[in-house]
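K.L.:
What follows is a structure written as structure tokens; I'll ask about it next.
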Amino acid sequence: MEAGRQDYNLLVIGGGSGGLACAKEAAQLGMKVAVVDYVEPSPRGTRWGLGGTCVNVGCIPKKLIHQAALLGGMIRDAPHYGWDVAQPVLHDWRKMAEAVQNYVKSLNWGHRVQLQDRKVKYFNIKASFVNEHTICGVTKGGKETLLSAEHIVIATGGRPRYPTHIEGALEYGITSDDIFWLKESPGKTLVVGASYVALECAGFLTGLGLDTTVMMRSIPLRGFDQQMSSLVTEYMASQGTRFLKHCTPSRVQKLPDGQLQVTWEDLTSGRENMGTFSTVLWAI
Ligand SMILES: Cc1cc2nc3c(=O)[nH]c(=O)nc-3n(C[C@H](O)[C@H](O)[C@H](O)COP(=O)(O)OP(=O)(O)OC[C@H]3O[C@@H](n4cnc5c(N)ncnc54)[C@H](O)[C@@H]3O)c2cc1C
């Protein structure tokens, strides 16, 4: 590469909410901009397109599934308001998931079009730094590209964590990176964690009629107003979400019938307990 000559004024690593906003704004101000975005598949193999966490495995699919759950509640209430709704009302996860996933795919496409319209070059490559003005990008197939820019913005977001010290956690568990892309219903689910991601996932799963348990080590929504947090968990419990408080999982084993047997420690009594679930979702 010629010394001092850069391919772009601005190179953004990460095509999520932050990276895309930054790239589009800079392009609008006349900069020559490129975005590189690459999604490392989840340990379960789930992968998705341009747009980052919010679009693919966060805010957007989450809100659509909350909406599905809320509609279920409204349908159950409807007869009391005079609507003649045939009971029981059943929910088809497969149908919902297909619609959510198709909608997300349309957003992936929309983001690509928006970049193109603003003349922002998009590369589907995984970036690493070569020096302060240069990155090396690698495609899924292993092809390498060097790109240089006056300025490089890092907007790489974050990914869910697995408690890898727990036997079977990585092998049998899923995270929010997978739940929205499941083709089949997760069934009876244990959500481990007390983050907003944990509570929101447990909330919509309960709302869809699934047997859902939240296991938390200490307090819900650490860092949030605790009076509000209690209102949230009390409301969820009243809607059917089970809570295992002051408990921590120690092992996940797969039974011959495919169910997951979870062993946990009750930190209050010191006793070991067990339960069987179809899905274990880590949101720690
Ligand atoms: C279940 C869930 C629900 C949520 N709900 C809400 C909500 O309701 N409201 C809200 O405000 N926020 C919500 N969030 C949070 C929100 O999704 C994130 O704060 C936001 O997406 C972060 O944007 P970002 O641009 O920083 O990162 P991301 O959107 O994560 O984008 C980073 C991108 O960079 C890519 N990348 C990483 N490393 C490299 C590399 N080396 N080379 C190339 N590409 C790379 C990643 O694959 C990714 O595509 C939710 C999150 C989750 C998980």
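The values are calculated or read from the model by the stated rules, or taken from the named source; none is laboratory data. Since this is a predicted model, take the numbers as computed values, not measurements. Here Cβ is always computed from backbone atoms with ideal geometry, including for glycine, and neighbour counts include all displayed protein chains. Please note that ligands, DNA and RNA were not included when accessible areas were found on the heavy atoms of the full protein model with its side chains. Shrake-Rupley method; radii C 1.70, N 1.55, O 1.52, S 1.80 Å.
K.L.:
Work out which chymotrypsin sites (Phe, Trp or Tyr not before Pro) in the chain are exposed loop sites (DSSP not H, G, I, E or B, at most 16 other Cβ within 10 Å) and give the longest gap free of them.
P.N.:
Here the longest run is 84-223.
K.L.:
Still on this model: Assign one of three labels to segment 3-57, namely rounded, prolate or oblate, based on the Cα gyration tensor with a ≥ b ≥ c the square roots of its eigenvalues; rounded applies when a/c is under 1.5, prolate when it is not and a/b is larger than b/c, and oblate otherwise.
P.N.:
Oblate, because a/c is 1.5 or more while a/b does not exceed b/c.
K.L.:
Shifting gears a bit: Karplus couplings for segment 278-284 from phi (6.51 cos²θ - 1.76 cosθ + 1.60, θ = phi - 60°), rounded to Hz, Gly and Pro as x?
P.N.:
The phi angles translate into 8, 9, 10, 10, 8, 9, 9 Hz.
K.L.:
Of S106, N9, L221, which is farthest along the charge dipole of the chain in the positive direction, counting Lys and Arg as +1 and Asp and Glu as -1 at C-beta?
P.N.:
Looking along the dipole axis, the top candidate is N9.
K.L.:
Using Cα-only point scatterers and the Debye equation, what is log10 of I(q)/I(0) for segment 142-278 at each q in 0.21, 0.22 Å⁻¹, rounded to two decimals?
P.N.:
So the normalised log intensities are -1.43, -1.55.
K.L.:
Under the rule a/c < 1.5 gives rounded, and otherwise a/b versus b/c splits prolate from oblate, where does segment 1-132 land using the Cα gyration tensor?
P.N.:
Note, shape of segment 1-132 comes out prolate.
K.L.:
Here is a follow-up. Of the DSSP beta bridges with both residues in segment 1-137, give the percent that are antiparallel, rounding to the nearest 5.
P.N.:
35
K.L.:
First check a/c for the chain, with a ≥ b ≥ c the square roots of the eigenvalues of its C-alpha gyration tensor; if it is under 1.5, answer rounded, and if not, answer prolate when a/b is larger than b/c or oblate otherwise.
P.N.:
Prolate, since a/c reaches 1.5 and a/b exceeds b/c.
K.L.:
Ok, one more. Can you give the net charge of the other residues whose Cβ lies under 14 Å from the Cβ of A26, counting K and R as +1 and D and E as -1?
P.N.:
+3
K.L.:
Could you tell me what percent of the DSSP beta bridges with both partners in segment 127-284 are antiparallel, to the nearest 5?
P.N.:
60
K.L.:
List the DSSP H helices in the chain whose Cα atoms stretch 24 Å or more along the helix axis and whose mean Kyte-Doolittle hydropathy is at least -1.0.
P.N.:
Qualifying helices, which must be both long enough and hydrophobic enough, are 59-77, 93-117.
K.L.:
So, one more: Non-local amide H neighbours of V12 (under 5 Å, H modeled in plane, Pro and chain starts lacking H): which ones?
P.N.:
For V12, whose amide H was placed from the backbone, the distant partners under 5 Å are A34, V35, V36, V153.
K.L.:
Mind listing the lone cysteines of the chain, meaning no other Cys beta-carbon sits under 4.7 Å from theirs?
P.N.:
Flagged as lacking a Cys partner: C22, C136, C201, C247.
K.L.:
Here's a follow-up. Whats the longest run of the chain with zero GluC sites (Glu not before Pro) that are DSSP loop and have at most 13 other Cβ atoms within 10 Å?
P.N.:
3-131
K.L.:
For the chain, give the share of DSSP beta bridges that are antiparallel, in percent and rounded to the nearest 5; count only bridges with both residues there.
P.N.:
45
K.L.:
Right, another one. Run the numbers for H165 and E25: contour at 0.36 nm per residue of separation, minus the present Cα-Cα distance, in nm.
P.N.:
Here the answer is 46.1 nm.
K.L.:
Rounded to the nearest 10 Å², what accessible area does K24 show when all protein chains are kept and the probe is 1.4 Å?
P.N.:
40
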